[in-house]
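K.L.:
My questions all concern the structure below.
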Amino acid sequence: MPYTVPDGYFEQMHEQLSAIPRRQRRVVTFRWLAIAAAFVLVASVGFFSLRQKPQVNTMADVVKSLSDEELASWIEFNDNDVFLALMEE
């Protein structure tokens, strides 16, 4: 045979390879981590946006905020709408 190896080479190689610790596989892959992060982001945005109570303006608040001219204009406009609605019936 043209090639020779020292005596016990393969036995020693097996022992040396067995001594090297195996690399442990990652339990969580990057893809699952990305999916979990996206879910947490969507859930957080939804939770915090639904927690904010919308500001409700009552009619009294709207009327208080109007100037006298705006109030007179609004009353005149709405009176015309009421009369038009009555005429259509």
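Every number in this text was worked out from the coordinates using simple rules, so none of it is lab data. Just so it is clear, the model here is predicted, and its values are computed rather than measured. When we count neighbours, we look across all protein chains shown, and the Cβ atoms used for this are built from the backbone with ideal geometry, even at glycine.
K.L.:
Once you have the Cα-Cα distance between Glu70 and Gln55, take 0.36 nm times their residue separation minus that, and quote the gain in nm to one decimal.
P.N.:
Going from the current span to full extension adds 3.2 nm.
K.L.:
Extending each Cα 7 Å along its Cβ direction at Phe47 and Tyr9, get the distance between those two points in nm, one decimal.
P.N.:
6.3 nm
K.L.:
Something else now. Within 10 Å, count the other beta carbons around each residue, average over each peptide in 58-66, 15-23, and list them highest first.
P.N.:
Top of the packing list down: 58-66, 15-23.
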